[in-house]
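The values are calculated or read from the model by the stated rules, or taken from the named source; none is laboratory data. Owing to the predicted nature of the structure, the values given are computational and were not obtained by experimental measurement. Cβ placement follows ideal geometry from the backbone for every residue including glycine, while neighbour counts extend to all protein chains displayed.
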Amino acid sequence: MLLTIIMLICMIGIFGKLLGFAIKMAWGLTKILFSFIFLPFVLLVCIFTGLFYIAVPVLALVGLFTLICAVAD
């Protein structure tokens, strides 16, 4: 009985760490997809549809946010 409880605790610890790693990896993948695929696509659509005055401030805000995040790290 005691061995079963110890194995259960170890199994929960290992799978808990794996779950945490999976969440971190999914968040990283989401940031990469947003940065390299979604945002440039939205900016190109804004430029081609004549919303240039919206695309430039969005690009400036994203650049400023990226700069602040890079300095904070």
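Say we look at the stretch 46-60 and pick out the residues that are part of a helix (DSSP H, G or I) and of a type in the set (Gly, Ala, Ser); which of these is surrounded by the fewest Cβ atoms within 10 Å (Cβ to Cβ)?
So, considering only residues that are part of a helix (DSSP H, G or I) and of a type in the set (Gly, Ala, Ser), the one surrounded by the fewest Cβ atoms within 10 Å (Cβ to Cβ) is 60.
Could you tell me whether residue 23 is surrounded by fewer than 11 Cβ atoms within 10 Å (Cβ to Cβ) and more than 20 Å from the chain's Cα centre (by Cα)?
Against the criterion (surrounded by fewer than 11 Cβ atoms within 10 Å (Cβ to Cβ) and more than 20 Å from the chain's Cα centre (by Cα)), residue 23 does not qualify.
Given the options 32, 23, name the one that is at pLDDT 85 or above and in a helix (DSSP H, G or I).
Only one candidate passes the filter, namely 23.
Pick from 67, 43, 8, 39: which is modelled with pLDDT of 85 or more, assigned to a helix (DSSP H, G or I) and surrounded by 10 or more Cβ atoms within 10 Å (Cβ to Cβ)?
Every option except 8 fails the conditions.
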